[in-house]
Structures are given as C-alpha cells and as structure tokens.
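Enquirer: Quick one: this structure, given as structure tokens, is what I'll be asking you about.
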Ligand SMILES: Nc1nc2c(ncn2[C@@H]2O[C@H](COP(=O)(O)OP(=O)(O)OP(=O)(O)O)[C@@H](O)[C@H]2O)c(=O)[nH]1
C-alpha cells in the first residue's frame with residue numbers, strides 16, 4: 001500500500017512520517033535550509049506480515065501543489081495531516097478537494113501537534129475536521145491526535161495504518177504495464193533509474209518497455225519494489241527501475257513521463273472526460289477556458305472544451321474534451337485535476353473516458369451517447385453500450401487500448417458479447433447484431449431507391465454504394481456487408497456493379513449489333529481508343545446515336561467515360577488500373593512514369609489519371625496520385 005500525506009504547510013507531515021517510519025523524507029538541501037518540503041519525499045517501513053508500507057510525503061506550500069499532484073495521483077490511502085493549533089487551513093481544504101476529485105476513498109486524519117493544545121481545543125478541531133470531510137470520499141475517516149514531538153498517539157496511528165494496509169484490496173494487476181515517473185536520477189556504476197507508482201500490470205527484470213511520450217525503447221535491468229530488490233513489480237507498488245537503452249540518459253527522462261509496455265505508447269493531445277467543477281468556485285467554468293491539466297505525474301497546459309452546454313456550473317459535472325498543448329499518455333479511468341491558467345487555483349477534476357476521440361463531431365448526440373456508454377462500469381458493459389450506440393461499429397483495438405486490456409482480457413470481453421466482428425488490418429470492428437442488420441437493410445433500401453432513380457443503369461460500384469449507404473463505415477466493414485448480402489442472394493454483382501437481383505438492363509437488338517462493331521475498334525487501341533466522333537465516322541453512323549449507345553453501355557458497366565466523348569472498355573480500364581498498381585511505389589503513382597509505360601500523349605495520360613481520381617481509385621496529392629481503393633477495378 002502507498003500512503004500519501006496531505007495537508008497545509010508546516011502542519012507536521014514530514015515530522016509525522018519520520019515518527020512513523022524513522023525516515024526523514026525531506027531530501028533536498030533547500031528543504032533542510034528552509035524547513036519546508038518542496039518536492040515529494042519517500043519513506044518505507046516494514047509491516048509485521050513482511051509487506052512494506054510506502055509513504056509519499058508531499059509539500060504543503062501552495063506554490064508546490066504541482067509536486068503534490070505528481071505524488072497524489074499514485075496513492076491508495078490518504079494520511080491527512082492537520083495541526084491541532086491551526087486547525088484546517090487553505091491547503092488542508094485544497095488538498096482535500098484534490099484527493100476527493102482524484103477519487104480517493106480511504107484515509108485517516110492525523111491531528112498533529114496535539115502536545116501544543118488543550119483537550120477542549122483538540123475536540124473543537126476534531127469536530128471542524130469531521131465537518132470538512134462531509135460529502136467527500138474521506139467522510140467519516142478516523143481522527144488520531146498525535147504528537148511527533150512526544151510520540152503520543154503514534155503507536156495507535158501506526159497500528160491503524162498497518163491494519164488498513166492488510167485490509168485494503170490490492171489493485172488488480174490487470175492490463176499492460178504502466179508506471180508514472182516521478183523521479184529520475186543516475187547512479188554511478190548503475191545508470192539511469194526512474195521511480196514511480198505502477199498504475200497497472202506487472203514488470204519483470206528483462207522486460208522491454210518504452211519511455212513515453214519520447215518513445216525511447218528501454219530494457220529493465222533491475223527492480224526495487226517498495227524499496228526492496230525484486231524480480232517483479234506490480235500495480236499499486238512504488239518501483240525503482242534501472243533502465244538501459246540506446247538514447248536513454250537522465251536528460252531524456254523527466255517527471256511526468258510514463259514507462260509503458262510498448263503497446264500502450266499512444267500519446268494524445270485530445271481526450272474526452274467527465275469533469276467536475278469544485279463547488280467552491282465563484283464562477284462557472286466557460287467553454288475553452290485555458291487550464292493546467294495534471295494527470296499521472298505530469299502537468300500540461302491546454303483548454304477545456306465543454307461538450308454538453310456552454311459552461312459547467314460550480315459543484316456540477318459535465319462531459320468535456322481536454323485539448324492539450326503537448327501530447328500526454330492517458331487512458332480510460334485515469335484521474336486528473338485542472339487548475340487555472342496561472343496554476344494558482346484548483347478548479348476541478350475528473351476521469352478520462354476516451355483517449356482517442358474522433359477528429360470531428362465531438363459534440364454530436366451520437367458521440368455524447370458513446371461517452372455515456374464509456375462511463376458504464378466494467379469493460380464488457382461499456383462495450384455492450386457502445387455497440388448499441390455505434391452505427392458504424394466499434395474499433396476493438398482502440399477500445400482495448402483505451403481500457404488497457406491485455407489480449408486475454410480483451411478476448412474474454414469479446415466472447416461475452418453478441419457481436420458481429422469484421423477484421424480490418426491490425427484491428428477489428430465490432431457491430432451489434434441489430435446495427436449490422438440495420439446496415440444490411442439500409443444497403444437494400446439504397447439500391448431500391450437508386451434503381452428507381454436511374455432505371456437504365458444496371459447498378460452502383462461498391463465504393464459509391466458505400467458512400468451512399470454508410471459513408472462513415474470502413475471499407476472492410478462495407479466489403480463484409482456486401483459480401484454477406486451477395487452470399488445470401490440479397491444483392492447481385494454484374495461486373496463492377498452491385499444491384500438488386502430483380503433489376504436488369506439489356507441492350508436492344510439494334511444496339512447489340514452496333515456494339516459488336518464498336519467493341520473491336522475500342523479493343524484495337526486499348527489505351528487510346530477512338531473518340532465518339534471518330535467511331536461514328538469509321539462506321540458511318542450518326543454521331544449522336546453513337547454517343548447515346550456508349551452512354552448506355554457506360555450505365556451497364558461495359559465501358560467507362562474517361563473524358564468527354566472518350567470511352568474505354570472495362571477491360572482497358574482494368575488493365576490500366578493494374579499497370580498503375582504495378583508502377584506505384586508506396587502506393588504513389590507518378591504521372592510521367594504512367595504515361596511512359598502506356599505510351600500515350602501527356603494530355604490523355606492526365607485525363608486517365610483524373611478519371612481514376614474521380615472514381616476514387618486514386619487521389620491526387622500535388623504532382624502524384626495516391627492509390628486509395630486499389631482493388632476498385634481489379635478486385
Ligand atoms: N510541537 C510539535 N511540533 C511539531 C509536531 N510535528 C511537527 N512539528 C513542528 O512543526 C514544524 C513543521 O513540521 P514539518 O513536518 O516540516 O511540516 P510539514 O507539514 O511537513 O511542512 P511542509 O511539508 O513544508 O508542508 C517543524 O518545526 C516541526 O518540528 C508536533 O507533533 N508537535
């Protein structure tokens with residue numbers, strides 16, 4: 001168990017830790033000289049059962065709240081220190097607010113300097129404190145009068161802490177490993193050492209991890225867990241890790257960094273959260289308020305975008321997006337504190353819901369519904385709620401990352417749900433059966449409407465059909481949807497076109513005859529077929545009749561209109577697409593290379609590429625064309 005002190009400056013936190021553990025947690029020369037704690041201090045004391053109790057001693061001075069916060073995010077249990085002579089003071093309250101916002105539920109109050117006051121005064125302060133705790137997570141905590149000077153009350157307090165340590169449930173060691181670095185130093189002959197609280201998972205000597213957000217790979221050479229040499233460290237422990245890695249030195253690591261399992265390295269600058277504003281604020285928190293966000297052991301400036309309504313009133317909470325100036329590592333469930341722009345006042349705090357919000361549509365009703373789903377208890381419940389709220393499916397890898405689920409943990413969540421799963425590259429998309437069924441129906445509705453609109457067009461190509469049916473649905477998911485509909489015979493494919501089974505278009509007899517003559521002409525010069533006027537001349541038919549025929553053939557999918565009055569057979573277009581595919585490097589195609597290969601003039605080569613852009617086969621990026629739907633013609 002890690003116990004964190006809290007309380008106003010000079011109320012005796014450091015003296016109390018020393019009385020409890022024998023360790024003076026003030027390490028810095030300046031701390032000794034000024035008699036105050038500036039930075040975090042650490043002390044450990046063995047328990048009768050062989051475990052070790054860890055203390056994080058925090059500064060009480062209002063100027064060093066950022067240091068207090070770096071320590072407070074990793075503790076399980078609070079030792080709130082109030083001097084009996086002063087009673088509750090401003091940082092008693094501020095620390096208490098912070099601990100409450102961080103969700104701490106377990107603690108005890110030490111009424112220090114009891115030797116300095118009368119019994120009446122002790123009782124009065126005790127009542128003040130009990131009143132102060134009302135409505136917080138620490139409400140009803142025991143209060144122990146103690147004196148670090150005489151030692152009175154210390155054994156009772158210590159016994160209480162020991163009992164709590166044994167009773168408190170250990171944090172589950174689930175998830176991948178995360179440690180929030182609060183200290184980094186170099187030891188001669190040993191190298192770089194980082195210390196901090198393990199937020200989740202397990203670390204073992206020899207593990208390969210990564211510093212984040214710097215993305216420096218490291219290996220764990222040795223571990224101290226709760227101040228003792230160990231082979232492993234687990235969630236809830238304070239650990240010192242001796243790390244090695246090329247590019248790693250003291251300068252490249254700082255308080256606030258994370259040491260992570262490689263998979264968890266995904267720093268972000270936007271995260272969606274629920275934020276509570278302190279009731280003691282006099283004004284509501286406005287949209288886009290500049291703030292300091294404290295999360296893990298780091299703090300970063302940014303702004304609060306209010307997602308529900310325009311402001312958050314004092315004492316209220318709301319869904320917000322934190323928009324940060326620098327990337328941080330954050331995952332679902334992480335607690336954070338926001339302080340004002342000058343970092344002089346705590347405004348509120350909350351819990352991260354989604355570290356990977358979409359780039360657009362952050363305030364839409366469907367997005368708000370998704371965020372509410374993410375507040376639902378256990379991962380399986382949240383997943384269930386998200387599946388129902390997501391018309392375009394849920395990205396399973398992101399979900400597992402956001403919730404820090406190991407593969408086995410994620411698999412058991414997926415297995416517990418009725419879910420249609422579509423593989424998509426490195427991830428997979430999950431759909432609730434109802435949503436999937438609705439998508440299949442929507443596909444049919446789209447085709448029905450399209451056939452009614454243009455009866456002489458055989459069908460719609462897959463990509464256009466996706467944009468018409470569900471533009472936000474991923475291509476793989478749509479492919480699965482159409483494949484499934486094809487397999488059960490709900491839709492049919494003819495060449496490139498998808499259509500309803502009952503819908504057909506055929507050429508009239510005289511059109512068939514003419515097409516039989518036109519086809520060889522087009523095939524004779526597949527990459528540079530004759531234009532409408534030239535075909536009409538050669539076959540001695542009316543130019544507008546020829547144009548009409550080719551337009552009808554285009555609607556049937558037998559030819560494509562590449563440029564005005566310039567039609568290519570489906571076979572030519574497929575061949576050109578294959579060439580484009582072969583020539584592309586990293587999916588990028590150069591116009592000149594393409595032109596040289598197919599041996600046509602510059603103008604026509606450009607027209608072909610523009611046609612590819614138009615139909616979504618490629619997308620122009622400056623002077624090149626990027627393949628974006630490479631199997632449009634070939635697959
Ligand atoms: N008489 C008496 N003095 C105490 C007691 N505990 C602490 N003091 C004195 O109070 C002063 C402040 O004690 P610290 O332990 O440094 O206070 P702190 O809360 O750690 O201060 P910061 O960390 O700077 O916020 C010191 O001069 C201590 O000797 C106590 O129980 N009785």
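Enquirer: For region 436-526, what's the radius of gyration and Dmax over Cα atoms, in angstrom?
Expert: 15.7, 47
Enquirer: Would you kindly work out the equivalent ellipsoid of region 2-167 from its C-alpha gyration tensor and give its semi-axes, the square roots of five times the eigenvalues, largest first in whole Å?
Expert: Numbers: eigenvalues 79, 67, 61 Å².
After diagonalising the Cα gyration tensor, the semi-axes are 20, 18, 17 Å.
Enquirer: May I ask you to derive the FRET efficiency for residue 581 and residue 391 from their Cβ-Cβ distance with R0 = 41 Å, giving the value to the nearest 0.05?
Expert: Working: r = 33 Å, r/R0 = 0.80.
That gives a FRET efficiency of 0.80.
Enquirer: Let me ask something else about it. If packing is taken as the average number of other Cβ atoms within 10 Å across a peptide's residues, how do 207-214, 133-140 rank, most packed first?
Expert: Working: 207-214: 19.2, 133-140: 14.4.
Packing order, densest peptide first, comes out as 207-214, 133-140.
Enquirer: Starting from one equal scatterer on each C-alpha and no solvent at all, send me the Debye-based log10 I(q)/I(0) for region 137-206 at q = 0.13 Å⁻¹, two decimals.
Expert: Values, matching the q order: -0.72.
Enquirer: Also, I was wondering about something else. What residues of region 439-472 lie in the reach of a label at residue 511, counting those whose backbone N is under 14 Å from a point 7 Å from the Cα along Cα→Cβ?
Expert: 454-459, by backbone N distance to the label point.
Enquirer: Mean 1/r over all different Cα pairs, inverted: what Kirkwood radius does region 365-431 give, in Å? Before the final figure, lay out each step's value.
Expert: On the way: mean 1/r = 0.0847 Å⁻¹.
Over region 365-431, the inverse of the mean reciprocal pair distance is 11.8 Å.
Enquirer: A follow-up question, please. Taking 0.36 nm per intervening residue step and subtracting the Cα-Cα distance, what contour gain separates residue 169 from residue 554 on full extension?
Expert: Values: separation 385, 0.36 × 385 = 138.60 nm, distance 6.98 nm.
Working it through step by step, the gained length comes to 131.6 nm.
Enquirer: Taking the Cα-to-Cβ direction at residue 452 and at residue 160 and moving 7 Å from each Cα, how far apart do the two end points lie in nm?
Expert: So the label points at residue 452 and residue 160 sit 7.5 nm apart.
Enquirer: Tell me, what are the semi-axes, in whole angstrom and largest first, of the equivalent ellipsoid of region 268-354 as set by the roots of 5 times the Cα gyration tensor eigenvalues? Could you put the intermediate results ahead of the total?
Expert: Details: eigenvalues 65, 37, 26 Å².
For region 268-354, the ellipsoid semi-axes come out as 18, 14, 11 Å.
Enquirer: Related question: Tell me the angle of helix 365-374 to the major Cα principal axis of the chain, expressed in degrees between 0 and 90 and rounded to the nearest ten.
Expert: It is inclined by approximately 50 degrees.
Enquirer: Okay, moving on. Using helices alone, I'd like the mean residue ellipticity at 222 nm for the chain: each DSSP H run of four-plus residues gives -39500 (n - 2.57), total over residue count, nearest 500.
Expert: Per the formula, -10500 deg cm²/dmol.
Enquirer: Still on this model: Region 1-60: D in µm²/s via Stokes-Einstein (Kirkwood Rh, Cα pairs, 20 °C, 1.002 mPa s)? Let's see the in-between values first.
Expert: Working: Rh = 11.6 Å.
Rounded, D is 184 µm²/s.
Enquirer: Give, in whole angstrom and from largest to smallest, the semi-axes √(5λ) of the equivalent ellipsoid of region 222-296, with λ running over the eigenvalues of the Cα gyration tensor. Walk me through the numbers on the way to the answer.
Expert: Details: eigenvalues 244, 59, 30 Å².
Ellipsoid half-lengths, sorted descending, are 35, 17, 12 Å.
Enquirer: Computed FRET efficiency, Cβ-Cβ of residue 232 and residue 441, R0 56 Å: what is it to the nearest 0.05? The partial results should precede the final answer.
Expert: Values: r = 52 Å, r/R0 = 0.93.
It comes out at approximately 0.60.
Enquirer: Also: State, to one decimal in nm, how far the label point of residue 626 lies from the label point of residue 313, with both points 7 Å from Cα in the Cβ direction.
Expert: Here the modelled spin labels are 4.7 nm apart.
Enquirer: What is the gain in length, in nm to one decimal, between residue 119 and residue 493 on full extension, counting 0.36 nm per residue of separation less the C-alpha to C-alpha distance? Before the final figure, lay out each step's value.
Expert: Numbers: separation 374, 0.36 × 374 = 134.64 nm, distance 8.96 nm.
Net length gain for the segment: 125.7 nm.
Enquirer: Still on this structure, please answer the following. Evaluate E = 1/(1 + (r/R0)^6) for residue 33 and residue 283, where r is the Cβ-Cβ distance and R0 equals 25 Å; express this FRET efficiency to the nearest 0.05. If you can, show how the numbers build up before the last one.
Expert: Values: r = 40 Å, r/R0 = 1.58.
Once rounded, the FRET efficiency stands at 0.05.
Enquirer: Could you tell me how many cubic angstrom of Cα convex hull volume region 487-536 has per residue?
Expert: Working: hull volume 5.7 nm³, N = 50.
Expressed per residue, the convex hull around the Cα atoms of region 487-536 is 113 Å³.
Enquirer: Let me ask something else. Out of all Cα-Cα pairs in the chain, roughly what percent, to the nearest whole number, are more than 41 Å apart? Numbers along the way, then the final one.
Expert: Numbers: 90001 of 201295 pairs.
The calculated P(r) of the chain puts 45 percent of pairs beyond 41 Å.
Enquirer: Right, here's the next one. Calculate the all-directions average of the projected area of region 509-627's alpha-carbon convex hull, and give it in nm². Walk me through the intermediate numbers first.
Expert: On the way: hull surface 28.3 nm².
Computing the convex hull of the Cα atoms and averaging its projections yields 7.1 nm².
Enquirer: In the chain, what percentage of the DSSP-assigned beta bridges are antiparallel, given to the nearest 5?
Expert: Details: 106 of 122 bridges.
That works out to approximately 85 percent antiparallel.
Enquirer: What's the center-to-center distance, using Cα atoms, between region 1-79 and region 229-302 in Å?
Expert: If you average the Cα positions of each part, the centres end up 20 Å apart.
Enquirer: Starting from the Kirkwood Rh over alpha-carbon pairs, what translational D in µm² s⁻¹ does region 238-382 have by Stokes-Einstein at 10 °C and 1.306 mPa s?
Expert: Numbers: Rh = 16.3 Å.
The estimated diffusion coefficient comes to 98 µm²/s.
Enquirer: Binning every alpha carbon pair distance of region 168-237 at 5 Å from zero, what are the percents per bin?
Expert: Bin by bin from 0 Å, the calculated values are 4, 16, 26, 32, 15, 5, 2, 0.
Enquirer: Quick check: the distance between the Cα centres of region 142-208 and region 373-427, to the nearest angstrom?
Expert: 32 Å
All of the numbers you see were taken from the coordinates with simple rules; none came from a lab. Just so you know, these numbers come straight off a predicted model, no measurement behind them. Heads up, the Cβs are rebuilt from the backbone with ideal geometry, glycines too, and the neighbour counts pull from every protein chain shown.
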